[in-house]
Amino acid sequence: MSNCRTSKDWFCRPCAIVHELVWAQMKGFGFWPAKVIRREGDRVDVRFFGALHQRAWIAASNIRDIDTDIKKMKTKPTPGWHNACRELKKHQGLLMAKDKTLKKEKDKEKEKEKKSDKSNKAHKTHRAKKRPRETDITEQDDAISSSNCDHQVKVQANDNVTSSQDSNQGSPISTEPNTAKRRKTSASSHSPPHEASPPEQSSPAKCDCHEKYTSIFADFKTRLEQDHHKEKEEAITEALEKMRAEMETDKQQTISRIKDTMMAEIDRTKKQTREKCQEEYFEEIKKVEAKNKEELSQAKKKQWCINCEEEAMYHCCWNTSYCSINCQQIHWHKEHKKLCRRKR
């Protein structure tokens, strides 16, 4: 089911999987419109139309078809029930619109298939009509070529006959040499074309072409090797310079990266040590303060000599004590004799 709650009517939109619409009844409620999510035995998982769109497992006996009459189910119409029925009608309308669009798309696809079939059939018929014309043209070409060959043979025979007649009429006395010539020509004509008369042996001529071309090729080879060597050295130098530049950039990048990481690590450790020192400092201050408080409280609980400010042993009056008899006598004659409140 669609859980994309982009608008208030998200539950009314039809899902990719079409859900069955039913009337479902929970205990203590009337029949309510809902979508069927799944079925397991005698239980049906449904999701109700309405404000909250709650889900629940309902017994199959409490499920009715959506086409059943509402009056037979005896439900009390409430504002929530009317809202759910409104959502149901909207969902059904959207389903009908979706079905119409799907039908239109299917009809368009069928029309496209029909048009493509018609075009294929027309193409096939056109090709079938073209084929006999091509065969007729090839047959006509063959007939024309054969007739041309026969015509050429006839023309050659007529030319031979006329040449022989002219030679007989022009020289009636010398018949034997002509017959010998005819025999030679006939023999030469009957001989195969690839058999030619052997060439006459001539004296070998001196030629310096071999040496000339070998020297030219040697010079060309040396020039190519020199050019290749120069290009190779230039390419190697360019590649080395490029590699050096790339290595230098990589070196600078790695150095800067390591520097940044080290600075970050130093800052982090500095921060940690500062925090740790502060914690230790505050803890030490707390310990010292506690110790001072304890010592102060203990000091307040003791009595001190009013003459030498040491721990007193002898009590005289309410605010006067002494550590020894000497301190008592010195302080007595000095000032305490006039201020003592001890009853005698």
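The values are calculated or read from the model by the stated rules, or taken from the named source; none is laboratory data. For clarity, every value in this text was computed on a predicted model and none was experimentally measured. Don't worry about glycine lacking a Cβ; one is built from the backbone with ideal geometry, like all the others, and counts go over all protein chains shown. Side chains included, ligands, DNA and RNA excluded: accessible areas come from the protein's heavy atoms. Shrake-Rupley method; radii C 1.70, N 1.55, O 1.52, S 1.80 Å.
Out of Ser297, Ser256, Ser215, I need the residue that is open to solvent by less than 100 Å² (accessible area, probe 1.4 Å), closer than 30 Å to Asn326 by Cα and either of a type in the set (Ser, Thr, Tyr) or not in a helix (DSSP H, G or I) (or both). Which one? Break it down into steps so the answer makes sense when it comes.
Details: Ser256 fails: closer than 30 Å to Asn326 by Cα; Ser215 fails: closer than 30 Å to Asn326 by Cα.
Of the residues listed, the single one that is open to solvent by less than 100 Å² (accessible area, probe 1.4 Å), closer than 30 Å to Asn326 by Cα and either of a type in the set (Ser, Thr, Tyr) or not in a helix (DSSP H, G or I) (or both) is Ser297.
Please determine whether any residue of the range 72-81 is open to solvent by 50 Å² or more (accessible area, probe 1.4 Å), touching a helix residue (DSSP H, G or I) at 6+ places or on another chain (Cβ under 6 Å) and not in a helix (DSSP H, G or I). Give the steps one after another, and end with the answer.
The first filter runs over the range 72-81 and keeps only residues open to solvent by 50 Å² or more (accessible area, probe 1.4 Å), leaving 72, 74, 76-79.
Now drop any that are not touching a helix residue (DSSP H, G or I) at 6+ places or on another chain (Cβ under 6 Å), which leaves none.
Among the residues of the range 72-81, not one is open to solvent by 50 Å² or more (accessible area, probe 1.4 Å), touching a helix residue (DSSP H, G or I) at 6+ places or on another chain (Cβ under 6 Å) and not in a helix (DSSP H, G or I), which makes the answer no.
Can you pull out every residue in the range 48-71 that is in contact with a strand residue (DSSP E or B) (Cβ under 8 Å, 6 or more places away or on another chain) and assigned to a loop (DSSP other than H, G, I, E, B)?
Phe49, Gly50, His53, Gln54, Ile66, Thr68
Which pairs have Cβ atoms under 7 Å, sit 6 or more apart or on different chains, and link a residue in the range 311-337 that is under 22 Å from Lys300 (Cβ atoms) to one that is surrounded by fewer than 11 Cβ atoms within 10 Å (Cβ to Cβ) and of a type in the set (D, E, K, R)?
Listed pairs, sorted by first residue: Glu311/Lys302; Cys316/Arg342; Cys317/Arg341; Cys317/Arg342; Trp318/Arg341.
Answer yes if at least one residue in the range 42-51 is at pLDDT 85 or above, over 18 Å from Leu94 (Cβ atoms) and within 40 Å of the chain's Cα centre (by Cα), and no otherwise.
Within the range 42-51, one or more residues are at pLDDT 85 or above, over 18 Å from Leu94 (Cβ atoms) and within 40 Å of the chain's Cα centre (by Cα).
So, of the residues in the range 36-47 that are open to solvent by 20 Å² or more (accessible area, probe 1.4 Å) and in a strand (DSSP E or B), which turns out to be nearest to Ala60 (Cα to Cα)? Break it down stepwise before answering.
Step one: list which residues in the range 36-47 are open to solvent by 20 Å² or more (accessible area, probe 1.4 Å), which gives 37-43, 47.
Those still in the list that are in a strand (DSSP E or B) too: 37-40, 43, 47.
Values: Ile37: 13, Arg38: 12, Arg39: 9, Glu40: 10, Arg43: 5, Arg47: 14 Å.
Restricting to residues being open to solvent by 20 Å² or more (accessible area, probe 1.4 Å) and in a strand (DSSP E or B), the top hit is Arg43.
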